[in-house]
Amino acid sequence: MAARRISSLLSSSATSLGRFSSWGRRIKSFSTAAAAAIDEPIHPSIQIDHTQLLINGQFVDAASGKSFPTVDPRTGDVIARVAEGDLEDVNRAVAAARKAFDEGPWPKMTAYERSRIMLCFADLLEKHTEEVAKLETWDNGKPYEQAAKIEIPMVVRMFRYYAGWADKIHGFTVPADGQHHVQTLHEPYGVCGLIIPWNFPLLLYSWKVGPALACGNTVVLKTAEQTPLSAIYVSKLFHEAGLPPGVLNVVSGFGPTAGAALSSHMDVNKLSFTGSTATGKIVLALAAKSNLKPVTLELGGKSPFIVCKDADVDKAVELAHSALFFNQGQCCCAGSRTLVHESVYDEFVEKAKARALKRVVGDPFKMGIEQGPQIDNEQFKKILKYIRSGIESGATLESGGEQFGSKGYYIQPTVFSNVQDDMLIAKDEIFGPVQSISKFKDLEEVVQRANASSYGLAAGVFTQNIETANTLTRALRVGTVWINCYDIFDAAVPFGGFKMSGQGREKGIYGLSSYLQVKAVVTPLKNPAWL
């Protein structure tokens, strides 16, 4: 779901999403008029009422009294100052979650009651879609239409999905070799530490909070420092839905302080992190060095998008474009290695270039905008550095390659051709709007090259041949293979990676197992009627 800094420990990420390709009219080139329009951003009509930590059902200041700015990526201006949690605040939040689990009503409620509260929250979230989407766009830079029409409905669906599972979690009766009754119980871990990223703040909120609460756990959630506002807002709605105090606690702050404290806390029973592979290693080490808490990791990716010789080139170009440029390229599973069969390569490159030049970049609050700004100045500079690296290493720059406009963190949709596997733009997770296109000769070659990566999160295959699709599906060492589609994230479909893209799965029934322990109960039987 990596090329993100380790110093932002436990807060930055990748991860991905939805059915989204293009809206509205498209420009024919990167015009100066369009670029100038970015300099006059729309001010969203929403008031920010909550910027504190949420601990034990109450909004409170950080123990240190510190706060930090969250920034509008369209301009670099400060939106608001948010409470900066650290070790003492994590301790307070964990203590509240522990009490809510050990003494409070949440795990002792009937599963049906928990389900009703989660469903009520989903209804409130749906009612407040406009406000939530505005916060998500303002803080993150993603197109408002994407947030309002795709992502927030997916969040609502995710909570309804896991609300439906709450009263269907059960163990088994196990036949034993002997006169014993054996049953298994599926029990919540207790206090779960959840660390979400900045690229899809609320979507990843739902992937983690939904199953954790459905299983009866309590939660301490750490938001990404770049995008804290939406999680605070919706957590307030969760309490309005009837969530008891202490069940869901939200701590905003930085990785090396709040994130590290949560990862190494001795009273946290389970940890789930989405972010870079480099940071994931640190999270895992901190968990191991503390109380050996189990960890679910959804990490980086460099996903191959394979266009076979029989592909409909026009459809493949559009799908590959969406697979890479969606969410400004800030997706852990972005199809960032476009591998095209040599017989259609030249045609594909020309059409991919033309499609990138038509991509509508601008203020994400404007209708018809396909691409907003990158998340922050650090990410912006890192992407431009990778683009320079591509040029210097000999790849052909087909389009883009520079800042779009003169203000904010906008980057032109960039396409490289003649990319070689040893180039940084082919190996590293850029996490930006940079498409790298290379050619291949046959299936044996493309499988070898696609798998020659430390990552294994996802892959796309574009072919009309079912045998080719089946061959690649089984040969690719990734957690998800999309055939003639991409970025399909149904609530029931599991998501996670092979190799250094992570461990464990999120979403679907597989996501429940991340938040449940199995207990075997054995009882002797005396003169049983049957075994």
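The values are calculated or read from the model by the stated rules, or taken from the named source; none is laboratory data. Bear in mind that the values here come from a model prediction, so they are computed numbers and not experimental data. Because the Cβ atoms are built from the backbone with ideal geometry, glycine has one as well, and the counts that use them run over all protein chains shown. Keep in mind that these areas ignore ligands, DNA and RNA; they rest on the heavy atoms of the full protein, side chains included. Shrake-Rupley method; radii C 1.70, N 1.55, O 1.52, S 1.80 Å.
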Item checked: Number of the condition not met by Gly390 [criteria: (1) in contact with a helix residue (DSSP H, G or I) (Cβ under 6 Å, 6 or more places away or on another chain); (2) open to solvent by 20 Å² or more (accessible area, probe 1.4 Å)] -> (2)
Notebook entry, point to check: For segment 411-425, which residues satisfy the criterion of being out of contact with any helix residue (DSSP H, G or I) (no Cβ under 7 Å at 6 or more places or on another chain) and buried (at least 21 other Cβ atoms within 10 Å of the Cβ)?
Noted result: Gln412
Note to self: Could you go through segment 122-142 and let me know if any residue there is within 19 Å of Gly368 (Cα to Cα) and among the aromatic types (Phe, Trp, Tyr).
What the structure shows: yes
Check: Can you tell which of Lys108, Lys99 is at pLDDT below 95 and charged (D, E, K, R)?
Finding: Lys108
Next item on the list: Using the structure shown, decide if Lys358 is surrounded by fewer than 24 Cβ atoms within 10 Å (Cβ to Cβ) and within 25 Å of Gly141 (Cα to Cα).
Entry: yes
Check: Within segment 463-478, can you find the residues that are of a type in the set (Ser, Thr, Tyr) and under 17 Å from Ser303 (Cβ atoms)?
Finding: Thr463, Thr473
Margin query: Among the listed residues Val220, Val156, Val209, identify the single one that is of a type in the set (Val, Ile, Thr) and farther than 25 Å from Ala62 by Cβ.
Written below: Val156
Checklist line | Close pairs (7 angstrom Cβ cut-off, 6 or more residues apart or separate chains): under 12 Å from Thr274 (Cβ atoms) in segment 183-204, part of a helix (DSSP H, G or I) and open to solvent by 10 Å² or more (accessible area, probe 1.4 Å) anywhere | finding: Leu203/Met154
Item checked: Matching residues, segment 70-102, being open to solvent by 20 Å² or more (accessible area, probe 1.4 Å) and within 17 Å of Pro256 (Cα to Cα) -> Glu84, Asp86, Leu87, Glu88, Asn91
Checklist line | Residues (part of a loop (DSSP other than H, G, I, E, B) and touching a strand residue (DSSP E or B) at 6+ places or on another chain (Cβ under 9 Å)) located in segment 354-374 | finding: Arg359, Val360, Gly362, Pro364, Ile369, Glu370, Gly372, Pro373, Gln374
Margin query: Can you tell me which residue is modelled with the lowest pLDDT among those in segment 22-61 that are of a type in the set (Ser, Thr, Tyr) and under 30 Å from Val234 (Cα atoms)?
Written below: Ser22
Margin query: Can you list residue pairs whose Cβ atoms sit under 9 Å apart, with the first residue in segment 452-469 being more than 14 Å from Glu429 (Cα to Cα) and the second being open to solvent by 30 Å² or more (accessible area, probe 1.4 Å) and of a type in the set (Gly, Ala, Ser)? Count only pairs 6 or more apart in sequence or on different chains.
Written below: none
Note to self: I'm trying to understand the selection: among the residues of segment 473-485, which are surrounded by fewer than 23 Cβ atoms within 10 Å (Cβ to Cβ) and either outside any loop (DSSP other than H, G, I, E, B) or not assigned by the TED database to the domain that holds Ser399 (or both)?
What the structure shows: Thr473, Arg474, Ala475, Val481, Trp482, Ile483
Notebook entry, point to check: With respect to Ser12, is the statement that it is open to solvent by 10 Å² or more (accessible area, probe 1.4 Å) and either at pLDDT 95 or above or not assigned by the TED database to the domain that holds Trp138 (or both) true?
Noted result: no
Next item on the list: Test Lys382 against the criterion of being basic (Lys, Arg), modelled with pLDDT of 95 or more and in a strand (DSSP E or B), and give yes or no.
Entry: no
Check: Inside segment 329-353, can you point out the residues that are open to solvent by 30 Å² or more (accessible area, probe 1.4 Å) and part of a helix (DSSP H, G or I)?
Finding: Asp346, Glu347, Glu350, Lys351, Lys353
Check: Where in segment 209-325 are there strands (runs of 3 or more DSSP E), lying wholly inside it, with at least 2 residues that are in contact with a Pro (Cβ under 8 Å, 6 or more places away or on another chain) and buried (at least 23 other Cβ atoms within 10 Å of the Cβ)?
Finding: 270-274
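The rows are residues; the columns are (1) hydroxyl-bearing (Ser, Thr, Tyr); (2) surrounded by fewer than 20 Cβ atoms within 10 Å (Cβ to Cβ); (3) more than 30 Å from Gly362 (Cα to Cα); (4) in the same structural domain as Phe326 (by the TED database).
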site	(1), (2), (3), (4)
Glu130	no, yes, no, no
Ala133	no, no, no, no
Val155	no, no, no, no
Lys168	no, yes, yes, no
Pro175	no, yes, yes, no
Gln179	no, yes, yes, no
Gly193	no, no, yes, no
